[in-house]
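*Asks:* Please read through the structure below; I'll follow up with questions.
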Amino acid sequence: MQSGNGASLRQVIGCWVNERWRAECALSPALGRLTGLRWVDLRNRSEHLATGSGPEARTCLWADSSMLTVARVFPAVGGRLLDRVAREWPFQLANGGPAAGRTPRASVVVPVAGLDRRPQLEAVIRSFWAQSVRELEIIVVEQSAHRDYEAICPPPIRYLHVERKAGAAFNKSKALNAGARAASSPVLILHDGDIVVPVQYVESILDRTTRGFEGMQPIRLLFYLDERSARDLAAGDGRVLPPRVGAVGHNFPGGSTVATTEAYWAIGGSDERFEERGSDDNDFLGRLKTRRFFAGGYLPAIHLWHAMDPTFQNRGEMKAFKQRQLQKPAEERIRELREFRAGPPTDPERP
């Protein structure tokens, strides 16, 4: 009954009683049919889920992101879970993108900074090159003092540079707004440069936007790979997955968020007053949910390991600003932001 991850006997037994049996039901087709449990139903003992906007989606009914205990205690179960979801949602990395000249159905906007994350970005781009939907544009927006990524983003990748003063924090919102202004499709996928997605990711998004949904967060479970596993995945074709994954997260406000271009600007875009990486995610998601939002995640994705951002500041005044903003109703934040910032240059009347 050992976990192989340094967990005590009490932790192992507690996990079996509360989480492991549910995971085994979700991993076994026969047990899954008998109990009605699927991998999207996995959660920790104190957490609760609700069915989302479709029977395939689950909404987390708690405030903060968390990690599945069953994967932490039993990393081999985390690996089996990744293998199971990949049979339903296959992963692949391709070495070439769609030919230029196609009218894109979706625009993937990837904000980046720092060449230390180049391997992760390249793997993410390759995962979008492998998509079942080929009418796709990828916009890499570098927010930095120097144009480090320009030489490694050849066409059909679109490269944008947003100036960043030396010593300043990475402003993800500025990068996202620049990418959204440049996008030429009606659907924006606002995507972190370290998350690999399954081959039907964009197809699943377009299926929902064509049904009238204006925003969504498709990822239900995010599998965090360790350094070696991430390196091995990025070096291959994305189909060979690690046998052990000790960190599986859910209920995160960022990572990969979808908004129609119209909805993005209608809610004021991204708030550039949030001057630190990730500080704006909760605010943007709350405003996006005022539109016709597809509730719940329904597919897996893979997070590639990287070192901590050395420019991350976590300043007290920014935390206080975030707290003040989130206390305001989303509609008030939208009105405030529409007055605060300028709209896209193609339509100066619409912020």
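*Asks:* Pairing the Cα long axis of helix 118-129 with the longest principal axis of the chain, what angle in degrees results, from 0 to 90 and rounded to the nearest 10?
*Replies:* 90 degrees
*Asks:* No solvent, one uniform scatterer per C-alpha: report log10 I(q)/I(0) for the chain via the Debye equation at q = 0.16 1/Å, two decimals.
*Replies:* Debye curve over Cα of the chain, log10 I(q)/I(0) at q = 0.16 Å⁻¹: -1.55.
*Asks:* For the stretch 182-196, just list the computed ³J(HN,Hα) in residue order, Karplus coefficients 6.51, -1.76 and 1.60, θ = phi - 60°, integers in Hz, with x standing in for Gly and Pro.
*Replies:* These are the phi-based 3J(HN,Hα) values: 7, 5, 10, 10, x, 10, 10, 10, 8, 10, 6, x, 9, 10, 8 Hz.
*Asks:* With θ set to phi - 60°, apply the Karplus curve 6.51 cos²θ - 1.76 cosθ + 1.60 along the stretch 29-45 and write out the HN-Hα couplings as whole Hz, x wherever there is a Gly or Pro.
*Replies:* Result, rounded to whole Hz: x, 5, 5, x, 5, 5, 9, x, 8, 10, 5, 5, 8, 6, 7, 8, 4.
*Asks:* Here is a further query. For the chain, compute the number of Lys pairs whose alpha carbons are separated by less than 16 Å, excluding pairs fewer than 8 positions apart on the same chain.
*Replies:* 5
*Asks:* Once phi is turned into ³J(HN,Hα) by the Karplus curve 6.51 cos²θ - 1.76 cosθ + 1.60 with θ = phi - 60°, what whole-Hz value does each residue of the stretch 202-214 show in order, with x for glycine and proline?
*Replies:* Once rounded to whole Hz, the list reads 5, 4, 5, 5, 5, 4, 7, 5, 5, 8, x, 6, 9.
*Asks:* Okay, moving on. How big is the antiparallel share of DSSP beta bridges in the chain, given as a percent to the nearest 5?
*Replies:* 45 percent
*Asks:* Restricting to Cα pairs below 8 Å that are 6+ residues apart, what does the relative contact order work out to for the chain? Please round to a whole percent.
*Replies:* Computed over the chain, the figure is 21 percent.
*Asks:* Same structure again: Please sort by residue number the trypsin sites (Lys or Arg not before Pro) in the stretch 164-236 whose DSSP state is loop and whose Cβ has at most 14 other Cβ atoms within 10 Å.
*Replies:* LYS165, ARG211
Coordinate-derived values only; no laboratory data. Please read all numbers here as calculations on a predicted model, not as lab measurements. Positions of Cβ are generated from backbone atoms using ideal geometry, with glycine treated the same way; all protein chains shown enter the neighbour counts.
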